[in-house]
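Chemist: One structure, pasted below without further comment.
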Amino acid sequence: MKPLYKTLLIIGIAMGVVATSLIFGVGQGMVMHIREKDPNDLDIYAVYQPTSSGGITGMTLHFAREIAGWLPDDVTASAVTFDRYDAEVKIGAEFFSSRVVGVDAGFATLFDLDITEGRFFSKEDQDNRSRVCVVTNDLVDLFGREALSSFMINGVEYEVIGAVQGDVNLASLMHGNYSSSSVFLPIETWYEQFEGSFYAGVTMQLAVHAPGYSKADLNQLVSQNLINMESAPTLKVATPNEKNYNAWARDLLILAGIFFVAFLVFLLAGLNIIQIASANVYDQQRVFGLKVALGALPKHLAGEITGEIVACALQGGYLGIVLAGIVNTIMNHYVGMYWAAFNIFTAIAGMILALLVGWITSVIPARQAARIDPVAVLRQER
Amino acid sequence: MIELISITKVYGQEPNTVTALDRVTLKLNPNELTAVMGPSGSGKTTLLNIIGCLDSATAGEYHLDGENVAGLDLKAKARLRNEMFGFVFQAFNLLPDKTVLDNVMIPSRYSRRPRKEWKPKAMAVLEQMGIADLALRYPDQLSGGQQQRVAIARALVNDPKVILADEPTGNLDSATGREIVDVLKTLADKQGKAVVVVTHDGMVASQAHRLLQMMDGRIIDDSMLDSSSVVFSHPNF
Amino acid sequence: MAVKHLFLALLTQKELHGYELKNGFEDLASGKWPLNFGQVYQTLSRLERDGLIESYEVIQTDKPDKKVYRVTEAGRKHLEDWLYAEDNWNLFFDELALKIMAFDLINSREALEILRGYRSFILRVIKSLTEMLGRMNPTGSAGSTHSTRVMLVERNLHRAEADLKWVTSMIERWQKYD
Ligand SMILES: Nc1ncnc2c1ncn2[C@@H]1O[C@H](COP(=O)(O)OP(=O)(O)O)[C@@H](O)[C@H]1O
Ligand SMILES: [Mg+2]
């Protein structure tokens, strides 16, 4: 096969595999991400598929407030930062790694938290960006009241104004687990740490208490508003991801659909392969004619062609998976936690697809080669 | 060994038919270098293709070692081309992306020979053609004469009994052409092959043992080129 | 008549007797032009009569006396003139030339047949000349290619080749009228 055709084939298959892997990888997730391009490309929003009383995740504080505004009056919401941005907490003389969570003043009410000591911070604390915090009571037990009087987070001193019951399980409601060893700060105060930073777009989630609403209702509500937003044209759907595997059946259905889309994409690549390989057969008619003259049977030619295409498919598949990996890494880097599910299964699926398509599509060029009349093609000298 | 009896080849569909061969009767013998001459379109290539089982006759009988070739299927004919005949072309027809050695091994790949014999056999025929040192070169790194030697080596690699060369010197200068004819002649003289060479070049044809002259699909003359019958004269005084 | 000029040429090298002259000439002609003694002595006596050579007797005791010839000044001059003279071109240099003249008088099919026969003949001539050349220069080495014998055969080969081309094109032309 001519190097040009070989290269084209490899590139074609690689691109097919990239597309497929991405679709396949992404398809393993369930979350619709909405991304605002301008003015700050780093602002990445996502609407988390809310579970029955769920939440909406991955946005800037500004956007979280906006979304909260769209919700009906009987739905209460509180912005919450993710717990994963750990801070260095110094209690007394000891350093302690703790979850630091920014929340709205209404958070305690929303989740019905037991205030064991002092008070939860108020709306004023929030507006004034005062340096106050509330800790879970296990920290009080651990360090004692005395020690808590000197409380530093990332080198800044905070006043501990209260403690809440720590073993509440919020994990099912929210991303994260605030059940113990957590520190709650007024969200504005804490958000200063992120504003304008790389993570600004994904630190926020909106905890929602919506009795009587299904998650589909909520989702529709939010999506509708997103679409109606003035800035809607600047928003686009980006890579979603799902960490919630509850709805298996539906997931499978969607996965099958996505696999079908991937297959269609690859079928296009397949048509491309057939085209290139046929062009190759046409171009190399003399070569095939010569081989027939030298005693090659159709099965020999078919074997050679299939071998070549499958070799290209292997190389293209490999290249495609590497490329898809790179694209994924870059994407995940910008999207933060929302990495598409690019894993060994995606890679294997991509490879199998590449081989399958290579093998199937070689049938037609192989037939064409077998039909070549050696007498006719060798007659045209040069 | 090879016997064509009243072979006719008609191309095309009625009414646009071309009779490329018209009741050709011919016997080929081992140890014989046969030159075929004739104007273009006279059926030389068609004759070669039919002898080489690359094309089949419209009518007539073709006996190869006593067997009627007309009755053979595609697979058997491919096997015959592979084992019985060696083809040499004007345009050399080497594969440019393969080395000389790989080019020579092509017929082995389609043969029943065990794989481990391919390379030694290919090297042996290259040696015989005097170009063993070029085995790892690519065809475009060789002169025309060397390329044609590679093509002859490829034709010989499966020990065929018949070599069919269609204008093998057509792309070569006359000195190189002579060398190639000498090589083909040696195959007839020393290795007992039946060699058929289509040529326009009288210098090439003159080296043959036998000359076939063709015209409009017929053999109009089939004679031995017996040099001893030539009488050289001189002025009387 | 060329033989006498070759005799003069041979005698410029050294004095020779009749038998040696005959052998010398035949050798130059690669043995393809044998002379008989009658011709040799007739030629020599004419040359002597014209004053181009002279001879004397060498007395031998055990064998018959022999006549030895040497070239005269006039003979050298005569040879020189012959060597430098421009040749004629013989328009009717072989039999085929005369047969061609007859082509208009016979039918074209016969003419074609004759031409085909001639091509086969020319091919055999070429084959024979090539073999002759091969015997003169069996290894194909360049050493002897300057020999006059090789030159002679090569010239014939070239003319035969040219004639082959001519006859081939003639055949193709006549075939159209066939
Ligand atoms: N595939 C074909 N279809 C129709 N005519 C053909 C085909 N192949 C050859 N011919 C005709 O058959 C005749 C003989 O061709 P060919 O054997 O190639 O002649 P040569 O080799 O002597 O030039 C020519 O008239 C040619 O045009
Ligand atoms: Mg031809």
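Chemist: Determine Rg/Rh for the stretch C:50-178; Rg is computed over alpha-carbon atoms and Rh is the Kirkwood hydrodynamic estimate from the same atoms.
Modeler: 1.20
Chemist: Straight-line reach from C:Lys165: which lysines have Cα under 16 Å away, leaving out those fewer than 8 places along the same chain?
Modeler: C:Lys127
Chemist: Defining a contact as two alpha carbons under 8 Å apart and six or more residues distant in sequence, what relative contact order in percent does the stretch B:163-219 show?
Modeler: 38
Chemist: Extending each Cα 7 Å along its Cβ direction at A:Val327 and B:His200, get the distance between those two points in nm, one decimal.
Modeler: So the label points at A:Val327 and B:His200 sit 5.6 nm apart.
Chemist: Considering only protein heavy atoms and a probe of 1.4 Å, how much of the accessible area of the stretch B:135-196 is carbon and sulfur, as a whole percent?
Modeler: 42
Chemist: Mind ranking B:51-61, A:101-111 by how tightly packed they are, going by the mean number of other C-beta atoms within 10 angstrom, highest first?
Modeler: Sorting B:51-61, A:101-111 by mean packing, highest first, produces A:101-111, B:51-61.
Chemist: Moving to a separate point now. If DNA, RNA and ligands are ignored and the probe is 1.4 Å, what is the ranking of A:Ile326, B:Ile106 by accessible area, most exposed first?
Modeler: Heavy-atom accessible area, descending, gives A:Ile326, B:Ile106.
Chemist: Using a 1.4 angstrom probe and counting only protein chains, how large is the accessible area of A:Leu323 in Å², to 10?
Modeler: About 70 Å², ignoring ligands and nucleic acids.
Chemist: Considering only C:Leu164, C:Leu79, C:Leu11, whose Cα is most displaced toward the positive end of the charge dipole of chain C, charges sitting on Cβ of Lys, Arg (+1) and Asp, Glu (-1)?
Modeler: Positive-end residue among those listed: C:Leu164.
Chemist: I want to verify a result. In a Gaussian network model of chain B, Cα cutoff 10 Å, which of these has the top mean-square fluctuation: B:Asn68, B:Asn49, B:Asn82?
Modeler: Of the options given, B:Asn68 has the highest mean-square fluctuation.
Chemist: Still on this structure, please answer the following. Starting from the Cα of C:Lys63, step 7 Å along the direction of its Cβ; do the same at C:Asn88; then give the gap between the two resulting points in nm.
Modeler: Inter-label distance under the simple model: 4.0 nm.
Chemist: Kindly write out, for the stretch B:122-128 in residue order, the coupling ³J(HN,Hα) from the Karplus curve 6.51 cos²θ - 1.76 cosθ + 1.60 (θ = phi - 60°), rounded to whole Hz, with x marking Gly and Pro.
Modeler: Couplings: 4, 5, 5, 6, 5, 4, 4 Hz.
Chemist: Let me ask something additional. Ignoring ligands, DNA and RNA, what percent of the 1.4 Å accessible area of the stretch C:50-178 is carbon and sulfur?
Modeler: C and S fraction of accessible area: 55 percent.
Chemist: How many Cβ atoms of partner chains, on average, are near each residue of B:225-232 if near means within 10 Å of its Cβ?
Modeler: Mean partner shielding for this stretch: 6.
Chemist: A further question on this structure: Give me the accessible area buried between chains B and A, both sides summed, with a 1.4 Å probe, in Å² rounded to the nearest 100.
Modeler: 1900
Chemist: Something else now. Taking the alpha-carbon centroid of each part, what is the distance from the stretch B:78-145 to the stretch B:178-197 in angstrom?
Modeler: 17
Chemist: Only loop residues by DSSP count here, and only those with at most 12 other Cβ atoms within 10 Å; note down the GluC sites (Glu not before Pro) in the stretch C:1-87 that meet that.
Modeler: Answer by residue number: C:Glu86.
Chemist: Something else about it: Go ahead and estimate [θ] at 222 nm for chain B from helices alone: -39,500 (n - 2.57) per DSSP H run with n ≥ 4, summed, over the residue count, rounded to 500.
Modeler: Computed ellipticity for chain B at 222 nm equals -10000 deg cm²/dmol.
Chemist: Give, in nm to one decimal, the length gained when the segment between B:Lys190 and B:Ala124 is fully stretched (0.36 nm per residue of separation minus the Cα-Cα distance).
Modeler: Length gained, B:Lys190 through B:Ala124: 22.2 nm.
Chemist: Skipping prolines and chain starts, which residues have an amide H placed within reach, meaning under 5 Å, of the one on C:Leu16, given they are 5 or more residues away or on another chain?
Modeler: The answer is C:Tyr69.
Chemist: Separation between the A:Thr76 and B:Gln13 pseudo-spin-labels, each 7 Å from Cα along Cα→Cβ, expressed in nm?
Modeler: Placing both labels 7 Å along Cα→Cβ, they lie 8.7 nm apart.
Chemist: Would you mind putting C:156-165, C:118-127 in packing order, based on average other-beta-carbon counts within 10 Å, highest first?
Modeler: Result, highest mean first: C:118-127, C:156-165.
Chemist: In sequence order, what are the phi-derived ³J(HN,Hα) couplings for the stretch A:139-146 according to the Karplus relation 6.51 cos²θ - 1.76 cosθ + 1.60 with θ = phi - 60°, rounded to whole Hz, with x for glycine and proline?
Modeler: Taking θ as phi minus 60°, the curve returns 5, 5, 4, 6, 9, x, 4, 4 Hz for the stretch A:139-146.
Chemist: I'd like the interface area for chains B and C: accessible area of each alone minus the complex, both sides summed, 1.4 Å probe, protein heavy atoms only. What is it in Å² to the nearest 100?
Modeler: 2400
Chemist: Here's a follow-up. Please identify the trypsin sites (Lys or Arg not before Pro) of the stretch C:1-37 that satisfy two criteria: DSSP loop assignment and at most 11 other Cβ atoms within 10 Å. Which are they?
Modeler: C:Lys14
Chemist: Let me ask something else about it. Using a 10 Å cut-off on Cβ atoms, rank the peptides A:151-158, C:63-70 from the highest mean neighbour count down.
Modeler: A:151-158, C:63-70
Chemist: Quick check on the stretch B:74-182: take the gyration tensor over C-alpha atoms, sort the square-rooted eigenvalues as a ≥ b ≥ c, and tell me if it's rounded (a/c under 1.5), prolate or oblate.
Modeler: Taking the square roots of the gyration eigenvalues as a ≥ b ≥ c, the stretch B:74-182 is oblate.
Chemist: Taking 37 °C and 0.692 mPa s as the conditions, I'd like the Stokes-Einstein D for the stretch C:2-84 in µm²/s, using the Kirkwood hydrodynamic radius from alpha carbon pairs.
Modeler: Value of D from the Cα-based Kirkwood radius: 252 µm²/s.
Chemist: Here's something else I'd like to know. Over the heavy atoms of A:Leu4, what accessible area does a 1.4 Å probe trace out, to the nearest 10 Å²?
Modeler: Spelled out: A:Leu4, probe radius 1.4 Å, area about 110 Å².
Chemist: Moving on. With the cut-off at 1.5 for a/c, could you classify the stretch C:80-136 from its C-alpha gyration tensor as rounded, prolate or oblate?
Modeler: Oblate.
Chemist: Work out the mean other chain Cβ neighbour count within 10 Å for the residues of A:363-375 and drop it here as an integer.
Modeler: Per-residue shielding by partner chains comes out at 1.
Chemist: May I pose another question? At 1.4 Å probe size, with no ligands or nucleic acids counted, give the accessible surface of C:Phe37 in Å², nearest ten.
Modeler: Counting only protein heavy atoms, the figure is 90 Å².
Chemist: I need the per residue convex hull volume for chain B, using only the alpha carbons, in cubic angstrom as a whole number.
Modeler: Taking the convex hull of the Cα positions in chain B, it is 155 Å³ per residue.
Chemist: Can you run phi through the Karplus equation (6.51, -1.76, 1.60; θ = phi - 60°) for the stretch C:120-131 and list ³J(HN,Hα) in whole Hz, with x for Gly and Pro?
Modeler: 4, 4, 4, 4, 5, 4, 4, 4, 5, 4, 4, 5
Chemist: If you don't mind, there's one more thing I want to ask. Residue by residue through B:173-181, how many Cβ atoms from other chains fall within 10 Å of the Cβ on average?
Modeler: Partner Cβ neighbours, averaged per residue: 0.
Chemist: Additional query: Provide a list, ordered by number, of residues in the stretch A:264-295 showing at least 40 Å² less accessible area with every protein chain present than when their chain is taken on its own, using a 1.4 Å probe.
Modeler: Listed in order, they are A:Leu290, A:Lys291, A:Ala293, A:Leu294, A:Gly295.
The values are calculated or read from the model by the stated rules, or taken from the named source; none is laboratory data. As the structure is a prediction and not an experimental result, all values here were calculated from the model. As a convention, Cβ positions derive from the backbone with ideal geometry for all residues, glycine included, and neighbour counts pool all protein chains shown. Areas reflect the complete protein model, heavy atoms only, side chains present, ligands, DNA and RNA absent. Shrake-Rupley method; radii C 1.70, N 1.55, O 1.52, S 1.80 Å.
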